[in-house]
């Protein structure tokens, strides 16, 4: 068995994370298809976020973190994170545009990374970290929020929910 070169491992890692992020986005996309416009603005109580607010926050994070990812701090001076949690989106169409814009900025920048970039140091909120650490941070962050979106949708849809993975009792 031959050992893989660091370059080959880096390529494998980048391919794997691109696939994981595509799966996370797909889960969100498939969830939105099952929801009516009013579902996107529902929250269980005033201290909870609606799906539209979660989407707005995710998009704001993606744009801030991934614009000029390798050369500027991931917390851009023009980002107003607290404003991301204000319910200002007014339609499903607008929410989907915000969703797609965030993902397009993020995925475009991710696609430019090379194995040589992975050990570079970037900063987020003046905190230095490797590119790998920054990517892993975003894997956790985006999967966490899409999980929230799916959970809210399942609450709203009840027995009308169409599972995004293997249905219960259908593994065999």
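The values are calculated or read from the model by the stated rules, or taken from the named source; none is laboratory data. Bear in mind that the values here come from a model prediction, so they are computed numbers and not experimental data. Neighbour counts are summed over all protein chains in view; Cβ atoms, including those assigned to glycine, are modelled from backbone coordinates with ideal geometry.
Assorted remarks:
- Scanning the range 28-52 for residues that are surrounded by 17 or more Cβ atoms within 10 Å (Cβ to Cβ), assigned to a helix (DSSP H, G or I) and touching a helix residue (DSSP H, G or I) at 6+ places or on another chain (Cβ under 6 Å) turns up 28, 31, 39, 40, 51, 52.
- Under the condition of being exposed (fewer than 13 other Cβ atoms within 10 Å of the Cβ) and part of a helix (DSSP H, G or I), the residues counted in the range 120-143 number 1.
- If you go through the range 156-172 and keep only what is modelled with pLDDT of 95 or more and farther than 18 Å from residue 99 by Cβ, you end up with just 157.
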